[in-house]
């Protein structure tokens, strides 16, 4: 049986946060860690189809982890308050348009 193995390396300013966010979604055939400002993920599989599906899922999770980590303050940083949404305009009768 053929084993397929690949390593994905991506650079991030918050590599540790992103790697930690990705780990819970790893399959048994995956391993993720941070290394020198990079997120490194090793993926193994028996069929090309399963490896491609795993990479596809991983890339979607990576995008979400990047967004998540951009919202979480680093240690020692204060979190900015959430931006306030403007109130919708009203018609003078108290009804929103």
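A compact table of results
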| read-out | value |
| --- | --- |
| Scan of the range 11-43 for residues that are touching a strand residue (DSSP E or B) at 6+ places or on another chain (Cβ under 7 Å) and in a helix (DSSP H, G or I), ordered by number | 15, 16, 18, 19, 22, 23 |
| Some residue of the range 18-35 being surrounded by fewer than 19 Cβ atoms within 10 Å (Cβ to Cβ), touching a residue at least 40 places away in the same chain (Cβ under 8 Å) and more than 18 Å from the chain's Cα centre (by Cα) | no |
| Tabulated pairs, the range 47-76, first outside any helix (DSSP H, G or I), second at pLDDT below 95, C-beta under 7 angstrom, 6+ apart or interchain | 73/79 |
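The values are calculated or read from the model by the stated rules, or taken from the named source; none is laboratory data. Keep in mind that what you see is a predicted model, and the values were worked out from it rather than measured. Positions of Cβ are backbone-derived with ideal geometry, glycine not excepted, and every protein chain shown enters the neighbour counts.
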